1. Is there a residue being within 21 Å of residue 136 (Cβ to Cβ), open to solvent by 50 Å² or more (accessible area, probe 1.4 Å) and touching a Lys or Arg at 6+ places or on another chain (Cβ under 9 Å) anywhere in region 218-232?
2. Could you tell me whether region 171-185 includes any residue that is among the β-branched types (Val, Ile, Thr), assigned to a loop (DSSP other than H, G, I, E, B) and more than 22 Å from residue 256 (Cβ to Cβ)?
3. How many residues are part of a helix (DSSP H, G or I) and either hydroxyl-bearing (Ser, Thr, Tyr) or closer than 19 Å to residue 152 by Cβ (or both) when one looks only at region 208-238?
4. Look through region 237-256, keep the residues that are of a type in the set (Asp, Glu) and touching a residue at least 40 places away in the same chain (Cβ under 8 Å), and return whichever of them is nearest to residue 105 (Cα to Cα).
5. Could you please find all residues in region 133-174 being under 20 Å from residue 69 (Cβ atoms), within 22 Å of the chain's Cα centre (by Cα) and open to solvent by less than 20 Å² (accessible area, probe 1.4 Å)?
6. Among the candidates 59, 39, 109, 67, which residue alone is in contact (Cβ under 8 Å) with a residue 24 or more places away in the chain, touching a Gly at 6+ places or on another chain (Cβ under 6 Å), farther than 22 Å from residue 182 by Cβ and not aliphatic (A, V, I, L, M)?
7. Could you check, for region 245-252, whether at least one of its residues is part of a helix (DSSP H, G or I) and under 18 Å from the mean Cα position of the chain (by Cα)?
8. Which ones in region 196-206 are open to solvent by less than 40 Å² (accessible area, probe 1.4 Å) and either assigned to a strand (DSSP E or B) or touching a helix residue (DSSP H, G or I) at 6+ places or on another chain (Cβ under 7 Å) (or both)?
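The values are calculated or read from the model by the stated rules, or taken from the named source; none is laboratory data. Being a predicted model, the structure only gives us computed values, none of them experimental. When we count neighbours, we look across all protein chains shown, and the Cβ atoms used for this are built from the backbone with ideal geometry, even at glycine. Please note that ligands, DNA and RNA were not included when accessible areas were found on the heavy atoms of the full protein model with its side chains. Shrake-Rupley method; radii C 1.70, N 1.55, O 1.52, S 1.80 Å.
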Amino acid sequence: IDDLSLVVGGAGTLALTEAGISTVAQLAAYRGDPPEDWPGNVAFLDAVVAANCRRAGVPLVRRLDRPTVQRADVEVDVDMESYGERGAYLWGTLLTDNRAPHEPVLYRPFGTWDPLPSTEEGLAFGRFWTWLMAQRAMAREAGRSFAAYCYSEQAENRWLRASADRFAGMPGVPPRDEVEAFIASDDWVDIYQAVNANFICPNGKGPKRIAPVAGFTWQDDEAGGEASMEWYAAAVGLDGGPLDPDQRDRLLRYNEDDVQATKVLREWLDSQQI
């Protein structure tokens, strides 16, 4: 039925409906000022453009003639896997040294298969943080720039802070102020924010929506946050449930694909392909 909610959500849908606009086609054709009560945190023009994109089958529209994204000599892509409120069991990384293009780009996971919550979670986080800070320090000592990337830092930042608090004093676990300093630094880059700054995205800004435009696909057709919860429960036999160790390999492939997707996206943003 071409409902407005295909491109606009929340308070925006209500404001448009009250103004007599209830379909994507009507919004695409609209010219004029934003309706009364249009939410201030959403650019109205973005909604109109998104409606036109959806009707034309256009997945992305550039905001700028030339998209931009922060790059560095040494780059680390990071993706974290968690299970509800129990904790973060896996920190996946992908290291790229752009000064050494012939060096392999290696995926390194830091995790535990002890059911959450577990002290092994803290040890895994400590190993991840120690390794990440070592790459940062080595880059600086060599006079090279460094950046670590994630897709939508809200989730990673939550568990960076929570892990520092919960596992304070364990080997490799940093004090909270060290985590805060890293999060606030230019060395921590959110590709979601880069996508939002560079594009209007009529189909959403999640990696599963955006990365295919850059040519990336996940190995597992069922890959996604909700599915990964089921895989994890089986991987560790959570709460006495049936144990399926094969799901551990599935989760590692999923996590590796997530960091690969982040790398593909940022390199695509910085390329001449757009």
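1. Initial filter on region 218-232 (within 21 Å of residue 136 (Cβ to Cβ)): none.
No.
2. Checked against the condition, which is being among the β-branched types (Val, Ile, Thr), assigned to a loop (DSSP other than H, G, I, E, B) and more than 22 Å from residue 256 (Cβ to Cβ), region 171-185 yields at least one hit.
3. So the count comes out to 13.
4. Among those that are of a type in the set (Asp, Glu) and touching a residue at least 40 places away in the same chain (Cβ under 8 Å), it is 256.
5. 146, 147, 148, 149, 150, 156, 157
6. Working: 59 fails: touching a Gly at 6+ places or on another chain (Cβ under 6 Å); 109 fails: farther than 22 Å from residue 182 by Cβ; 67 fails: touching a Gly at 6+ places or on another chain (Cβ under 6 Å).
From the options 59, 39, 109, 67, the qualifying one is 39.
7. Keep residues of region 245-252 that are part of a helix (DSSP H, G or I), which gives 246-252.
Imposing the further condition that a residue be under 18 Å from the mean Cα position of the chain (by Cα) reduces the set to 251-252.
Yes: region 245-252 contains one or more residues that are part of a helix (DSSP H, G or I) and under 18 Å from the mean Cα position of the chain (by Cα).
8. Result: 198, 199, 200, 201, 202.
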